[in-house]
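Right, one structure below, let's go through it.
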Amino acid sequence: MLKCRQLVALSSDYLDAQLSLRQRLAVRAHLAMCWKCRRFVRQLQLTQAVLRQMPEAPIDDLDERARALAAAHRDSQG
Amino acid sequence: MSDQQLLRRLLAGEDAAYRELVQRYQGAMRAVAFAIVGSRHAEEVVQDAWLAVVRSLAGFEQRASLKTWLLSITANLARTRLKHNRREVLLDDLPGPHGSVDEARFDAGDHWRQPPTAWHDDSPEALLAEDELRQCLERTLVSLSELQSSVLLLRERQMLELDEIAGLLEISQANVRVLLHRARLKVFATLEHFEETGQC
Ligand SMILES: [Zn+2]
C-alpha cells in the first residue's frame, strides 16, 4: 500500500500523467481511501490553476519593440 | 489569429503584427533565456533572439509551430552565450518563504502528521482576487532558483510539454520533473500559509 508521503512524492507526476499504469492505480486506490491526500491533490491542482492564471508582467516597451522589429524585418528584405 | 495568419502579416511588415508576436511569445522566450543564462543576461538574449527571428522570418518553413521555432532560436542563442562555462544543472533547492510540503509534515509511518488545511477559496479567480496573495506568490516565484522558476513557468503558464522543456534547456526529463515538483510544493506551501493566516 502506498503511504501518504509517497503519494505526495508522486503527485506532480500524477498530474502530468507521467506514472506507469501500476503507479497510477496505486495512487487512485490510495486517494479513494484517504481524504487528506485527496485534499492535497485537489489543492495542488488549484495551485496549478492559480499559476496558469497569474497575470504576466506587462511588457513596458511593447510598442517600441514592435516598431523596431518591423523595421529590422523590412531592412533585412533590402 | 493562427500562426499562419500572423506570419502573413509579419511578412507584410505590419507593426500591429509584431506587437502581437512580442505580446504572445516574449514571456516564454524570457523564461527559456532566464533558465539558461540567468537573470543578468536574459534580456540581451531575448533581444538577440528577436533580431534573429525577424531576419529569418521569410525562411520559416512551418514544420514546427511558431512558438517552438522562437523558443529553439532563443535556447540556441542562450547556449552560444554560455559558451564553455556551462553551468551545472542546479537541482539544489533554495528554501521557499513558506517552506514546502516536507518530511516534517509526516509521521514515522509516513502518514500525515500535519494534513493540508482546507482552503476557503476554491477557484483560482477567488484566490487571485486578493492583491496581497498575488504579491505573496510573486515573492515565492522570485525565491526559486532561476532554473526552477523557469521550468515552472514554462510548464504552467506556457503549457509546454515536459519533453519540450527538457529539450530546450538540455536537461533530462527526470530533472525537469524534480524541478517542477519542488517548485509546485513551495507555491502550494505559500497558498496554504496565506489561506491559513490571511497574510504573507
Ligand atoms: Zn494519504
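For this structure, a couple of remarks:
- Residues considered: B:VAL53, B:VAL45. Of these, the only one that is within 14 Å of chain A (Cβ to nearest Cβ) and in a helix (DSSP H, G or I) is B:VAL53.
- Taken over the stretch A:15-72, the criterion of being of a type in the set (Lys, Arg) and under 25 Å from A:LEU2 (Cβ atoms) is satisfied by A:ARG22, A:ARG24, A:ARG28, A:LYS36, A:ARG38, A:ARG39, A:ARG42.
- Scanning the stretch B:118-150 for residues that are more than 24 Å from B:ILE165 (Cα to Cα), within 12 Å of chain A (Cβ to nearest Cβ), part of a helix (DSSP H, G or I) and not hydrophobic (A, V, I, L, M, F, W, C) yields a total of 5.
- Screening A:ARG22 with (1) more than 9 Å from chain B (Cβ to nearest Cβ); (2) modelled with pLDDT under 95; (3) away from the ligand (no atom under 16 Å from the Cβ) gives one miss only, at (2).
- When restricted to residues that are in contact (Cβ under 8 Å) with a residue 24 or more places away in the chain, under 24 Å from the mean Cα position of the chain (by Cα) and either buried (at least 18 other Cβ atoms within 10 Å of the Cβ) or within 13 Å of chain A (Cβ to nearest Cβ) (or both), the stretch B:56-72 contains 3.
- Residue that is nearest to B:THR117 (Cα to Cα), among those in the stretch A:10-38 that are small (Gly, Ala, Ser) and surrounded by 15 or more Cβ atoms within 10 Å (Cβ to Cβ): A:SER11
- When A:ARG74, A:ARG39 are checked against the criterion of being within 16 Å of the ligand (Cβ to nearest atom) and free of Cβ contacts under 8 Å to residues at least 12 places away in the same chain, a single residue qualifies: A:ARG39.
- You will find that of A:ARG39, A:ARG28, A:ARG22, the residue that is touching a Pro at 6+ places or on another chain (Cβ under 6 Å) and farther than 30 Å from B:LEU6 by Cα is A:ARG39 and no other.
- Flag if A:SER20 is over 28 Å from the mean Cα position of the chain (by Cα) and among the hydroxyl-bearing types (Ser, Thr, Tyr): no
- Filtered residues of the stretch A:39-62 (kept if charged (D, E, K, R) and either touching a Phe, Trp or Tyr at 6+ places or on another chain (Cβ under 9 Å) or surrounded by 14 or more Cβ atoms within 10 Å (Cβ to Cβ) (or both)): A:ARG39, A:ARG42
- Residues that are crowded, with 21+ Cβ neighbours inside 10 Å and without any contact (Cβ under 8 Å) to a residue 40 or more places away in the chain within the stretch B:23-36 comprise just one, B:ARG30.
The values are calculated or read from the model by the stated rules, or taken from the named source; none is laboratory data. These numbers were taken from a predicted model, which means no experiment stands behind them. Here the Cβ is made from the backbone with ideal geometry for all residues, glycine too, and neighbour counts use every protein chain on show.
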